[in-house]
1. Those residues that are of a type in the set (A, V, I, L, M, F, W, C), over 25 Å from residue 171 (Cα atoms) and either out of contact with any strand residue (DSSP E or B) (no Cβ under 8 Å at 6 or more places or on another chain) or outside the structural domain of residue 32 (by TED's automatic domain parsing) (or both), I need them from the range 73-111; list them, please.
2. Could you identify the single residue in 11, 67, 19 that is among the charged types (D, E, K, R), at positive phi and under 25 Å from the mean Cα position of the chain (by Cα)?
3. So in the range 151-166, with the set limited to residues that are hydrophobic (A, V, I, L, M, F, W, C) and not in a helix (DSSP H, G or I), which one is nearest to residue 192 (Cα to Cα)?
4. When the range 190-209 is examined, which residues are found to be assigned to a helix (DSSP H, G or I), of a type outside the set (Gly, Ala, Ser) and either surrounded by 14 or more Cβ atoms within 10 Å (Cβ to Cβ) or within 22 Å of the chain's Cα centre (by Cα) (or both)?
5. Can you work out which of the residues in the range 4-53 that are of a type in the set (Lys, Arg) and without any contact (Cβ under 8 Å) to a residue 40 or more places away in the chain is surrounded by the most Cβ atoms within 10 Å (Cβ to Cβ)?
6. Looking at 213, 189, 145, 160, which one is in contact (Cβ under 8 Å) with a residue 60 or more places away in the chain, not polar (S, T, N, Q) and not assigned by TED's automatic domain parsing to the domain that holds residue 11?
7. I want to confirm something. Restricting to the range 170-185 and keeping residues that are under 14 Å from residue 225 (Cα atoms) and among the polar types (S, T, N, Q), which single residue is surrounded by the fewest Cβ atoms within 10 Å (Cβ to Cβ)?
8. Could you please find all residues in the range 119-131 being closer than 20 Å to residue 171 by Cβ and touching an Asp or Glu at 6+ places or on another chain (Cβ under 8 Å)?
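The values are calculated or read from the model by the stated rules, or taken from the named source; none is laboratory data. Since this is a predicted model, take the numbers as computed values, not measurements. Heads up, the Cβs are rebuilt from the backbone with ideal geometry, glycines too, and the neighbour counts pull from every protein chain shown.
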Amino acid sequence: MTKELVKIINDVPLVSTLDMWENLEVQHKALIGMIRKNEKEFQEIRLLTFQKSKGTGGRPTYFCYLDEEQTTFLIMLMKNSEVVKKFKFKITREFFRMRKVLSDIASQKQNSEWLEKRKSGKLTLREKTDTVQKFIEYATEQGSKSAKMYYMNIAKMQNKALFLIDQKFKNIREILNLEQLSTVVSADKIVEKAIQDGMDEGLPYKEIYQLAKTRIEMFAEIHGKTLIPNFSGQKQIKSG
């Protein structure tokens, strides 16, 4: 899957300088230097915060996220080479796509059918969560030292099996389309039943998790994966 340059962070489309420099064929430190040299203007557009990540040799690398206006200003500071021209085209299309995603998310939340499906899905999720809580207690009694991690591990396992996710979102279920919501509701029921079946049979907790994983993977094999976000009606991608 192609790596996306523009990410939605706190409902704002942003691009990291760490993802920009390779496309512009310049060193990252040169990109940051250009931003620092014109930091006053960048700060006037939007509050700019430099963050730190691990670089080569253990030395920290400073980077920042730019919004569309800041990105446009940065490109204007560069010579209009073929590389820059190609990047302009690519980043313009990505910002446009992400603005449309945000618009589609807002519109979807006004759809009565989606709202009803989301509401019923929350009830199913609550039932699954209650069962997972029982499973955590079950696993703890069997000696698990990190049973509470199963909340997150089960959710990750389920999402990985069902969806192709091109970036991180606070709550994936809030951006699923109607068909994807139906899929995740079915998956929640499958996971809940697998866990309950395993506990009823008295299976070791690790085997119960594998049982739930196997059933979800079988469901995904038949049903196929879809991309998140997906508001264009893209067809499901069959596994294998």
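1. Kept after step one, since they are of a type in the set (A, V, I, L, M, F, W, C), are these residues of the range 73-111: 73-78, 83-84, 87, 89, 91, 95-96, 98, 101-102, 105-106.
Filter again for over 25 Å from residue 171 (Cα atoms), leaving 73-78, 83-84, 87, 89, 91.
Correct list: 73, 75, 76, 77, 78, 83, 84, 87, 89.
2. Details: 67 fails: at positive phi; 19 fails: at positive phi.
Residue meeting the stated conditions: 11.
3. The first filter runs over the range 151-166 and keeps only residues hydrophobic (A, V, I, L, M, F, W, C), leaving 152, 154-155, 157, 161-165.
This time we only want the ones that are not in a helix (DSSP H, G or I), so: 163-165.
Working: 163: 19, 164: 22, 165: 23 Å.
Looking at residues that are hydrophobic (A, V, I, L, M, F, W, C) and not in a helix (DSSP H, G or I), I get 163.
4. 190, 191, 192, 193, 195, 196, 197, 199, 205, 208, 209
5. Step one: list which residues in the range 4-53 are of a type in the set (Lys, Arg), which gives 7, 29, 36-37, 40, 46, 52.
Applying the additional criterion that residues be without any contact (Cβ under 8 Å) to a residue 40 or more places away in the chain yields 29, 36-37, 40, 46, 52.
On the way: 29: 12, 36: 13, 37: 11, 40: 8, 46: 15, 52: 9.
So the residue we want is 46.
6. The conditions single out 189.
7. The initial filter retains those residues of the range 170-185 that are under 14 Å from residue 225 (Cα atoms), namely 176-177, 179-184.
Now narrow it down to the ones that are among the polar types (S, T, N, Q): 177, 180, 182-183.
Details: 177: 22, 180: 21, 182: 14, 183: 21.
The extreme case among them is 182.
8. Let us first name the residues in the range 119-131 that are closer than 20 Å to residue 171 by Cβ, namely 119-130.
121, 124, 125, 127, 128, listed by residue number.
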